[in-house]
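Just so it is clear, none of the values below were taken in a lab; they were calculated from the coordinates. Because the structure is a prediction, the values reported are computed rather than measured. Every residue, glycine among them, receives a Cβ derived from its backbone with ideal geometry; neighbour counts consider all protein chains shown.
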Amino acid sequence: MSLGSFAQALAEQRIAKWLLENYPDKLQFALTLPVRYVDGQSLLFNSLDDPTGGPIAPAVPIGDCAPYTDQSFNSWEQRKFSFGLPSTLYQSCESALAIYTTTLNDVDEVQFAKACRRCLMEGLRLLEGGVAGNPGEFDGLRSLVPAPMTVTVGGVPTLDQFDEAFFKVVDNEGYPNAVMARTGSVKRYLKLRRDAGLDEQYVEIDVPDPRMGTRKALWPSIHGVPFYINDSMQPGPEGEENVYFMVMGDNGHHTPGHGLTLIIPQVRRYDMFIKRVLPITPGDPATLNSTATAAVLWPMGIAYGSAGAVSRLADITPL
């Protein structure tokens, strides 16, 4: 039985703050990214490679001192990582504000929730692609991973090529702990194993669960290292994709283990998204009926101290 007009006037529709995504990009990689909060405008590593690209000089016996080599920042290779600023801008429709903003509902907060998710998707896209064209722009892994750490395929990869890229990782004594890929690349790897008559390899990881919080699950892996899907990465013009093998996290110690981390300014430690509501002047009522805009900024960057912490299998044809 429907409510009468008087009862209907007393009823309020409850709006869930977090909007539903029926077909979202999978951002599994975002759930595993370690965060390092940084004072200052960038994070700078002093490399152990000398200016010629050779390894750090070995120790010599006492009494056989080798000539001193200048180890200042000016002469030794540096790896510098700065912040980017993914941003979103969403308008709150005037009619929606009038109908749904009540003592229960705050439509601005609903728009914030949507904008934060869009910021996360944009940041995970920039993590690989970066911003090309101008010096000093945000660098993604496509430009940060050096040529010696890249295996270029240009078609359907082989299992040997997956292995070649995997074993290029040398940081953390050659123990990568994460593989970042799009869904189609993971499916391609699984098919290669099936076609070769090999069993699929799974590893137990913690995954989110709306009912239990987290739970243990078996997930596809290579040499015991799990794949984490990042579908915000953009395929190339022919649909080709990249797979990244990496050490993720930074032990902050003198030993190897300076892998990929998300860097965020220290002042954003407790709320990494900057949120604002900006009033705007409506224009032509036929095209613009908004009176408020929800703006969200996300100051973030990526860093990894060792150039050997991330390798890439490039330009593969996904499934």
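Things to note:
- Ignoring lysines fewer than eight residues from K17 along the same chain, the ones with Cα atoms less than 18 angstrom from its Cα are K114, K275.
- Annotation for segment 138-210: GluC sites (Glu not before Pro) lying in DSSP loop with at most 12 further Cβ atoms inside 10 Å of their Cβ are E200.
- Relative contact order for segment 96-204: 11 percent, from Cα pairs under 8 Å spaced at least 6 residues apart, divided by residue count.
- For segment 112-271, the relative contact order is 23 percent, taking Cα pairs closer than 8 Å that sit 6 or more residues apart in sequence and dividing their mean separation by the residue count.
- Stretchable slack from R193 to T101, in nm (0.36 nm times residue separation minus alpha-carbon distance): 27.7 nm
- Rounded, prolate or oblate (a/c below 1.5 giving rounded, otherwise prolate when a/b exceeds b/c) for segment 174-319 by Cα gyration tensor: prolate
- Sites A295 and K80 - FRET efficiency at Förster radius 30 Å, r taken between beta-carbons, to 0.05: 0.55
- Using C-alpha pairs below 8 Å separated by at least 6 residues, the relative contact order for segment 198-242 is 31 percent.
- Dipole moment magnitude, nearest 20 debye, segment 100-187 about Cα centre, only Lys, Arg, Asp, Glu C-beta charged: 320
- Assuming charge only on the beta carbon of Lys and Arg (+1) and of Asp and Glu (-1), the dipole of segment 141-207 about its Cα centre is about 460 debye to the nearest 20.
- For segment 114-128, Karplus couplings with θ = phi - 60° (6.51, -1.76, 1.60), whole Hz, Gly/Pro x: 5, 5, 4, 5, 5, 4, 4, 5, 5, x, 6, 6, 5, 3, 8
- Sorting the segments 205-217, 249-261 by their residues' average number of neighbouring beta-carbon atoms within 10 angstrom, most packed first, yields 249-261, 205-217.
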